[in-house]
Each structure stands twice: as C-alpha cells, then as structure tokens.
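This report refers to the structure that appears directly beneath it.
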C-alpha cells in the first residue's frame, strides 16, 4: 500500500493550493503534496534568482523494551522543508521549517531572502559548469509495504515472543523494534539549468525496519546481542535474532581473562562491518592526492596544482587480499540507496586492487574531464567465500570468535589504525572448538591489516546497519553486505571490565 | 524590489525596530487554538492551556491512568564560516500516556485540538497493545502540582533580538583579530543559538511553560612557527551554555572565562606557541602522577560518574543501546559504595544560571532539586525521574532520603518521549586556591594532560584517554608526549590526590546520546583541575 495520494492541481496558481496542515491520516507526504509545496515556494520567491526546496517527511513506529517488559511504544512523525533562496546580486540564504501552510511557507521564503541579503558576498556554487547529464534513477524498490504496515500490535506481539524465552530462562532482555518510512524530494526552480538543479532528486518513498535484542544474565556476567536492519521487514526474522542473542548470552557467561596479544580472529559479519566503517570514511580521492589517508602513495614532483604538490595515489595497485572485491550497486535494494543526482555502479576494490576513490563533480570537471561525481562507499557489498563460521572454528588451533565491536575510534589516518572494544560475546577457540568465554578486550588494529591477513571467508550477508545510528557519529554508517572472515595476528592491547 | 545588505543595514541604523525585524524568523507559524488557524502566540499565551487540556481529556477518556502533553516551539540560528546564516524553526507536540503500567507516546508537528485528541488516542493505543503482556507496575513518585507556572531563562542578550549582521560582524572580527598573528589560520568558526519554548501539562493538574536558551560556538585555529612547528587549538570557553549572545560579548563570565574573547584568543595563541616550542618525546609506558586541566576532568567526570549514575542505565534499561553501568546494584550500592577518594563530592542540579541543562521544571513538570551523587567519596544517589525514583524506594527508606524525582526527565523536543538525561554536574573544588599551573608546579616527575577527552566502555568503567600530554619535571612541563592513558573509573577517582580551588572551577556544556530512538541532550559539567596518582600512560599507536 503506497501512501495515500490526493488530487493536486498542476498550475502555479496560488489559489489552487489551499492552506493546510498535515492531515491525520497522512503519515508521510504524498508526491502531490510535495510538488504543491515546491510550486508554492517557487511562486512566493521575490527578487529573482533561484529557489531550491528540499522536502522530507517521516513516520516511525517504535517499541522499546528492557528488563523483560516493554518500556515504551511510540508513533511519531515530522516534516522538514528546507528552502534555499539564491539571489545572484546578493547571496544565498537557508531556512528550514516543519510547517507547510501558506503563511509559514511565505514567512520562510522571506526569511531566506533576508538571509541571502545579509550574506557577506554573492556566492554561486561553482559558476560556469556545463549542464550535468540528467541522472537516470534506477527504479530500485526501497519501499516495503510490510515495513510500512507493521502495526503497533505486531511490534507488541513480536516483543512478547522475544521476551518470553529469555524470561523463562531467568535472563534479562532488552530490545528495540522500529518501522521507519519517509519521503524525500529536492527540486530547483531553475531545473535543469540552475546551479542547484544539479542536485535535484525526484520524489521518493523509502522504508527502513530494524530489530535488535540484548540478553544479559541477572548477575551481569554474560551478554548476547543480535540485530538486523533492512528496508524490508519481511527479510528480518525476529525469532532467529532472539534465539541468537539468547544463545550468545548463555554461552558468554562467566568469562575468563585472557592476556592481550595477537590472535587469529574469526569475525562474524557484524564485526567485519563494524571495522570496515573506518575504511568507508577514508575513500576520498582529493585527500589521497593531497597526501592524506591510506591511499596516498608518494609525492609526484611532476604534478603541481598552483603551489600545492600532488600526490600519486594507490589507484591501480593491489592493496588488500586478492579475494576481496568491494562494490556499490544502486540497484541492489539491500543497500537501501536513496536517489542521488548521479547514480552508477562503482567498484572500489577489484580483486584486491584499489580501483575507485570518490569525488565531487567539481573535482571531476577540473581534474578528470568528467562531468559527474563518483559516489563513495555509502552502501557497499564485499565479496566472500564459502567457509561457514563453524568450519572456521573447526580449522582453528587457537583463536578468538568475535560477535561485534563497539566504540571504534580511528587513531591514525595514514594507516587507519583504530581502537575499539569487543562486545556481546567473545570466545576462545582451541583445537577446533569453542573452549571458553573470554572477557572483553580492547583492540588496536587497522582494518587494512585485517584485509591483508585473511585466511578464510564466508558467505556475505546483510548486517545491522540502520542508516542513522546516532551512537556512531564519528564515522559514517552505511548499509553493508559483508562476509564473516578469519584473519591472522589481530592485535588486542588490553582487557576491559565491561560485560 | 531587491533587498540588499546595505539597505537593511541602513534602515537598521535609522530605526532600531527594523534591526529586530531583520532578525525576526518566520514567526507566523500557525496554530489552531480554536476553530481557525492563527499566528502562533508566545508560549505563555493562556489559550495554549486549552490545547493541552484537549489532549489530557482525550487520553483520560481513552483509558489512560496518567498522561502528559508537551508542546515545543524551537528556533535555531546557525552562523558558520562568517558568511552564512541558517535558520530553522519547528513546532511539535507529544502526548505520553500510561495504561496499566505500560507507556505509549505519540508526536507530530501539528498544533490543533483535533491533533491533540488524535495524539492522545494514539498514545493510549500504543500503551494498550503492550498491556497484553505480563503485568508491569509504574508507581510515579509524588510531585507537587504546578498549578500555573511560567519561567524564562535569564539572559543578557537575546540572540534572536540581535541583528544577524551584528553577530556575523562580531564573528568576523574574531578572525580579523586572529589573523594579526603571522601564520595563524582559522580552522572552524561557527555559532549556534537556540531558543525553545515549552508547554507542559499533566493529568496531575500541572501546567507550566518556559523559555530556554542555548548558545554555543566553535573557534579552532592553527599556527605555524618560524621553524615549521605546526599545531592547532580551540577556545574551550564557547561550549554550549544556557546563555544568549553574551557568551561571546561579555567581558568575563564566572566559571567560563576571566577575559574577553579577544584576550582568550591571545592566550590560546601564546599557549600554542609555548607548546610548539617544547620537544616531542615518545612515551615511556608506565604509571605516573598526573595533573588534568578542568576540561579533561569535566569530560572524565561526565563519562564516568555522569553516565554511571543514570539509574535507568544502571538497571539495564539502556542495555540494548549505549550500555549499562559499573554501578550494577543500585539499591545495595547507594550509601555504601566507595566511588572515589574522600575528597570526591559530586552534586547534580538543573538550576545553575548559565548552565545548559538548567530548567525550572523538567519534562514531567517536576522542579529539579540539587542532590549529591557522590558525597565524600561514597555513592549517595542516582539520577531519577518520577518513574525511576520509586525503584530506589528501599534504599531511600534505609538511608532516610526523601523519595522524589530529581527532575531529570528531558527530551530534545516534543517529538521525542521524555527520557532520563544527565543534569548539570559539579565536582566540588579543593580548599586550596590552586589552578592547573600551580598543581603542575607541585609535581616532581609526572604527566600533565590538557584538552583531554576520554572514551569509556559500555559500562563506563574502563577508559582510554587522549589529549595534549606533557612530561612534567620539577614542576615544569618539559616535553610534549605522543601518548594516551588508560584507567578504570573507580580506580581513577580513588587515586585522586588533589583538586584545584574554587577560583579555578570551569564549566563546560556537553552533550550525550541516549535511548532508542537516540536522543541528544545537553548539560553542563563544572570541574576544577585535579591530580591523580598512578595513571597508566601508554602509546596508543602501539599494537600488541
């Protein structure tokens, strides 16, 4: 079921579009409403120039529980209308409001114009660019009716079905189930020629669902977690997540202290994705060419831009294990990619060779004679193998099995050396078997080192990666499809107390 | 007619009112208080009470045993890189309902009687779906009814009544001032001002409205010396405060800065220069006596005591999100657990003028009190709301502490349900009038840490710290160290040897994330410099 559509006028006639508030039955804005808002804003502009509007709306159905009881169930929604007025002789001004009645929109447009007038100097985003080829947006379904229609009753039922087994065994469970749906649209009054028209995207509806659960024993001596996010609620199986969290809690109780040091690690897919996030943020081409980050190779004396030396990059060089290919495909719905002005499949690492770093359109025009940006690793797939986690365990003499990492922080931009913690299940593997639960450890390691020390790879799967996870602000979060893997000599530097 | 900066400035000079008009935001947001839409009135308008009453009635008749409703109208103005001003404005409404021990919540951006009723019914529906589960009890701690209250955070200069030209010109002047120093370069420069008007009503009969402000800035820069030494620093006196534009323009602000902002820039430039002239050394891993500056102490205090004494976190309510707490048995630990040295006393409150977590009433209509979290080294209490205060009843009875909410319910806006968030914290200073430098002068061989920040584990126990580390010999900082430090929360506070005096207290506005869905909340932490023994210094870049 798509969001309700209303009949909308096509003219720019202000009278044709009545003043209104968000209607009770309208959980997210329809295409007609968004287009009507944009037309209203364009018609309200005074003083010439260009008007750029971003319209977003969202609804969320949430259920949170802890200590085996639901602590809050909620239904929330909001709207965001961003208006940018660009007046060539003055400047540009931005105003955002969450109201779209006539008076609010007019006041917002006037305020944006005052802001434009108050700007220090006329600004124009990259003057004189050739028109950007019109983007072709893949018709990816990132909308799922099963997500949008998941009711509060359903969330309550699922929570009870996850709580009961944990409670029956005397454990404390906590968890979160969320349906999230929204719309977004960006449109310029000067489409397709204006400076802002290049970032136009059509109206799109999207959904995102997530379910996660933590099970702890009453004494706080064991903790297990499992979670998954997807645009499609149907692809999440809460029962299996609940069973996994419970099993991990049981198996992680009464951990022993293990000396820090280098260990062979078997990383479950969630742990791999947690660590890979550090790489996602490092992939900017302009950084590499100015000598920063892990992808700068050497200064090139023959190349200079103005006074600045240009560095040769590692593009084209084999930088990680040749079994690893990492790509991005906007048409893969599992990556939950919202439309961007320019979308195309990109391969970042091809059989271990660095093949692409991301850049903006300005850079492409100036340096590459290319009239389009290149997208970064926001939404990526990593290749894998066929070895199951059980087989990795069976073939390990001594190593550690890691559920996930937490609190990751990059320490050195040049090597991506990072530190972070293991969380919710860490076990020692000896002679092909899990021998005991281990107290959590702090690691100090680079994901690049990990990607060069791979022994075995499993089948790639989607992991818990809600697009907006406020707990991990430092490094951008992105949907990911990654394999479990086994790697050598992973460095753990201290034990921590937290369970 | 084209509006230009010049014409606006011109009219602004002639008529003061015009300047205010320039500053005015898109004020005519509409609310439906009666039958028709009308411009949104100020929060103290008595008709808003009728709007909230509609929600409470609807919640009651749908079956809620308790309900509350919040309206928020927020304006945000961001000045960045001296050239741009971004404004945003939102109005939101949220209704929370309690049915048989289960909470439901609903929120939206519409202020109208019909929407109030819909939100109330939805909140009750959300709660009821979970009453199908096993019984859950909520027994809200008693709180006095606020029959009719209005409060405005006191401030000297309302940033929304000040011309944005004046503000951006002042921000420019800081950069011009900085640029007088050769090879000094601005890295980031922004100022954010927020005003939030809030109305709260509950079925208890309380109704109160308030207007709260938050102003914060970023000003960081780098400097290169003659021989190529380069470094960067920032002004730590611009963190979020419950203040207006005076955060920038005041000559001095008690507990924030003793000098004008220009003098603060001079001081930071000079300090950076002295820093850069020190040699850089590799760390010798080991345990050292260490002096922390106030910002480092504030950060450590917040991440250890501040997070760990959130009662809901300690009991596992955040287990699936940010984590739990090393204070894992609150009832037994309250009144007996040794959290630190006897000199450690930490109080919490939401009433200090200028602090960013300050309110008259919290998001449950409770007037917050000042209460000790740690008294003479012993855990004395936890941060609570009306629901969670009751969880401590046994401990409160045992220790003769009155059972009440400490007023720690909060949320960023009415679109979020209230959650327990950290109030303002103050670490009681030492008796001697000593500051960071005088504490350093008393160290024979040790470490000094400035501008430190810490990452704690998900029980806020084991920490990793970083910042500007110095080797101290015979009371002097003699070298910069490329190092970090490791600590355990309780060991660190037990190893506290000295605290700076009252005059050296500094207040910082910090924010913390909590909950699912995640909420960000601001509070202030006030701390002096401190000396600890046996701090473990490491080389953070060294692998195993």
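Averaging 1/r over each pair of different alpha-carbon atoms in the range B:279-544 and inverting the result gives 18.8 Å, the Kirkwood hydrodynamic radius. Over chain A, the fraction of Cα-Cα pairs per 10 Å bin, rounded to whole percents and listed from the shortest bin up, is 4, 16, 24, 24, 18, 10, 3, 0. Inter-chain neighbour count for B:107-115: the average number of beta-carbon atoms from partner chains within 10 Å of each residue's beta-carbon is 5. Just for chain B, what percent of DSSP beta bridges are antiparallel, to the closest 5? Taking every DSSP beta bridge within chain B, about 90 percent pair in antiparallel fashion.
Counting other Cβ atoms within 10 Å as a rough exposure proxy, the listed residues B:191, B:208, B:408 run B:208, B:191, B:408 from fewest neighbours to most.
Figure the gain on full extension for residue A:221 and residue A:433 (residue separation times 0.36 nm, minus the Cα-Cα span) and round it to one decimal in nm. Difference between extended and current length: 74.1 nm. The alpha-carbon atoms of the range B:361-498 define a convex hull whose volume equals 159 cubic angstrom per residue.
Over the C-alpha trace of the protein assembly as shown, radius of gyration and Dmax come out as 28.5, 85 angstrom.
Counted residue by residue at 0.36 nm each, then reduced by the alpha carbon distance between them, the extension gain from residue B:234 to residue B:60 reaches 57.4 nm. Each label point was placed 7 Å from the Cα along the Cα-to-Cβ direction; for residue B:534 and residue B:150 their separation is 5.8 nm. A Stokes-Einstein calculation at 10 °C with viscosity 1.306 mPa s, built on the Kirkwood radius of chain B over Cα pairs, returns a diffusion coefficient of 63 µm²/s.
A simple spin-label model places the labels of residue A:347 and residue B:270 6.1 nm from each other, with each point 7 Å out along Cα-to-Cβ.
When every Cα-Cα distance of the range B:25-217 is counted in 5 angstrom steps from zero, the calculated P(r) takes the values 1, 7, 14, 15, 14, 12, 10, 8, 7, 5, 4, 2, 1, 0, 0 percent.
For the pair the range A:211-283 / the range B:463-512, the C-alpha centres are spaced 34 Å from each other.
Between residue B:285 and residue B:50, what length in nm is gained on full extension when 0.36 nm per residue of separation is reduced by their alpha carbon distance? In short, 78.1 nm is gained. Here is the P(r) of the range A:344-499: all C-alpha pair distances, binned every 5 Å from 0, give 2, 8, 12, 18, 21, 16, 10, 6, 3, 2, 1, 0 in whole percents. Note on the range A:260-395: the alpha carbon radius of gyration divided by the globular reference 2.2 N^0.38 Å gives 1.22. Projecting the alpha carbon convex hull of the range B:387-445 along each direction and taking the average yields 8.3 nm². Looking at the protein assembly as shown, the DSSP beta bridges with both ends there are about 90 percent antiparallel. Under the rule a/c < 1.5 gives rounded, and otherwise a/b versus b/c splits prolate from oblate, where does the range B:496-544 land using the Cα gyration tensor? Oblate, because a/c is 1.5 or more while a/b does not exceed b/c. Counting only DSSP beta bridges whose two residues both lie in the range B:348-503, roughly 95 percent are antiparallel.
Determine the shape class of the range B:238-279: with a ≥ b ≥ c the square roots of the Cα gyration tensor eigenvalues, call it rounded for a/c under 1.5, and otherwise prolate if a/b is greater than b/c, oblate otherwise. It is prolate, given that a/c is not under 1.5 and a/b is the larger ratio. By the compact-protein rule of thumb, 2.2 N^0.38 Å, the alpha-carbon radius of gyration of the range A:17-111 corresponds to a ratio of 1.39. Its Cα gyration tensor gives the range A:390-449 an equivalent ellipsoid, and the semi-axes of that ellipsoid, as √(5λ) in whole Å with the largest first, are 25, 13, 8. Mean silhouette area of the range B:146-263, derived from the convex hull of its C-alpha atoms and averaged over all directions, reads 9.2 nm². Once C-alpha pairs closer than 8 Å and six or more residues apart are averaged by separation and normalised to the residue number of the range B:175-301, the relative contact order reads 19 percent.
Throughout, read-outs are computed from the coordinates displayed, never taken from laboratory work. Note that this is a predicted model, so its numbers are computed, not measured. Positions of Cβ are backbone-derived with ideal geometry, glycine not excepted, and every protein chain shown enters the neighbour counts.
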